[in-house]
Amino acid sequence: MLSCLSLTILGNQGPFPGPAGACSGYLVECGGTRLVMDLGPGTLARLQLAGDIGAAQALVISHYHPDHFSDILTLRYALRKAKNQGALHGPMTLLLPVDGLDDFVATYIGDGYVDLFDVVPVEDGKTVELQDLSLHFEAMSHAVQSYGVSLQPKTRGAKAGGSQRWLLGYTSDTGPCDALVRLARRSRVLLSECAVAATDQTGIAAGHVWPEHIGQVAREAQVERLILTHFAPDADVASVATAASEAFGKRAWASAIGCTYHLQAPCTHGAGGRQS
Ligand SMILES: [Zn+2]
């Protein structure tokens with residue numbers, strides 16, 4: 001039996017959006033489950049192109065950097081309106097890094113909106129079961145604690161640390177680290193940040209990776225498909241993808257806002273993805 005997962009790019013830039021751009025945000029749909037990973041500036045508008053905001057059951061914030069969460073401020077207004085109109089089926093599951101969780105909720109959710117969310121703390125090694133999806137979190141290396149996410153349709157029955165690969169891995173923001181290698185080895189499709197351009201190594205100290213590095217990691221981990229994201233607004237995305245492809249040994253895809261990848265498990269041809 002095939003189980004499908006679709007990944008839609010709501011935003012792919014950082015640390016601020018370029019003209020008509022948007023920062024990190026990704027919609028994952030699997031069966032009846034709709035999950036948003038990160039909600040950076042500009043992504044809430046893009047999310048509405050894919051359906052009603054109230055239809056998203058869960059939101060993961062990978063780490064507390066504004067280019068990954070700032071649209072949650074206005075998401076609160078949208079969810080309040082939906083609830084008042086009877087269009088909200090229940091609180092949105094909000095998965096937040098445990099480190100600094102209380103401060104984040106107090107500052108960015110506030111007493112007036114806590115009823116809209118069911119807050120679930122995320123920590124290293126934690127697995128969370130949503131309706132049709134299993135999620136697994138791993139602590140990465142970044143300026144603040146950042147969590148990579150592995151995703152798998154539940155019907156596959158994969159377990160973290162098992163021999164079976166998970167369908168999709170998302171690196172969040174990270175520099176080179178053992179956790180990134182483990183995430184790549186666990187993933188058939190890897191959605192990776194690539195915030196540092198090939199000719200600019202200044203971001204390395206800030207906890208990001210560059211195209212040659214992630215291409216090499218993906219090649220050694222035998223990732224089937226590598227999708228790059230988190231580009232600087234002025235990045236030469238084509239050059240970044242070319243450099244990553246050379247290190248990967250096959251094409252690395254540069255994500256594009258609005259693009260949807262349809263991933264299937266078990267795979268019948270390559271990674272089963274499609275860029276449109
Ligand atoms: Zn960050």
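Each value in this text was obtained by applying a stated rule to the coordinates, not by laboratory testing. What you are looking at is a predicted structure, and each value in this text was computed from that prediction instead of being measured. Please note: Cβ atoms are built from the backbone with ideal geometry, for glycine as well, and neighbour counts cover all protein chains shown.
Just want to confirm a number: the relative contact order over the chain, from Cα pairs under 8 angstrom separated by 6+ residues, in percent. The partial results should precede the final answer.
Numbers: 674 pairs, mean separation 49.3, N = 276.
Relative contact order here is 18 percent.
Could you compute the net charge surrounding LEU35? Neighbours are other residues with a C-beta less than 14 Å from the C-beta of LEU35; K and R count +1, D and E count -1. Kindly include the intermediate steps, with their values, before the conclusion.
Values: positive: ARG34, LYS154; negative: GLU29, ASP38, ASP118, GLU129, ASP132.
Residues close to LEU35 contribute a combined charge of -3.
By the scheme Lys and Arg +1, Asp and Glu -1, what is the net charge of all other residues having a beta-carbon under 15 Å from that of ARG219? If you can, show how the numbers build up before the last one.
Details: positive: ARG185, ARG188, ARG225, LYS250, ARG251; negative: GLU212, GLU220, GLU224, GLU246.
That sum, taken over residues with Cβ under 15 Å, equals +1.
Panel note: the C-alpha atoms of region 20-78, placed on their principal axes, show extents of 30, 21, 21 Å (largest first). Backbone amide hydrogens, once placed in the peptide plane, bring PHE117 within less than 5 Å of MET92, excluding anything fewer than 5 places away on its chain.
Close amide H contacts of MET140 (hydrogens built in the peptide plane, cut-off under 5 Å, sequence separation of 5 or more or a different chain): SER146, TYR147, GLY148.
Across region 57-66, rounded Karplus estimates of 3J(HN,Hα) from the backbone phi angles (6.51 cos²θ - 1.76 cosθ + 1.60, θ = phi - 60°) give 7, 8, 9, 9, 9, 6, 6, 8, 10, x Hz, Gly and Pro being marked x.
With a Förster radius of 22 Å applied to the beta-carbon distance between GLN164 and VAL128, the computed FRET efficiency rounds to 0.75. For region 3-265, the alpha carbon convex hull comes to 109 Å³ per residue, rounded to a whole number. Each residue of region 40-53 was assigned a 3J(HN,Hα) from its phi angle through the Karplus curve 6.51 cos²θ - 1.76 cosθ + 1.60 (θ = phi - 60°); the sequence is x, x, x, 7, 5, 5, 5, 4, 6, 6, 9, x, 5, 4 Hz, with glycine and proline shown as x.
Per-peptide packing, taken as the mean over residues of other Cβ atoms within 10 Å, places 232-238, 91-97 in the sequence 91-97, 232-238 from highest down.
Rounded, prolate or oblate: which fits region 1-106 when a ≥ b ≥ c are the square roots of the eigenvalues of the alpha-carbon gyration tensor, with rounded for a/c under 1.5 and prolate only if a/b beats b/c? Intermediate values should be presented prior to the final figure.
Values: a/c = 1.32, a/b = 1.11, b/c = 1.19.
In terms of gyration-tensor shape, rounded.
By the count of other C-beta atoms within 10 Å, a proxy for reagent exposure, SER192, SER187 are ordered fewest to most as SER187, SER192. Per-residue ellipticity at 222 nm computed for the chain from its helices equals -5500 deg cm²/dmol, with DSSP H segments shorter than 4 residues left out and the rest contributing -39,500 (n - 2.57).
Highest mean first, what order results for 98-107, 218-227, 43-52 on Cβ atoms within 10 Å?
Numbers: 98-107: 14.3, 218-227: 21.5, 43-52: 17.5.
Most protected by this proxy first, the peptides run 218-227, 43-52, 98-107.
The H on the amide N of VAL122, modeled in the peptide plane, is under 5 Å from the matching H of LEU96, VAL98, each at least 5 residues off or on a different chain.
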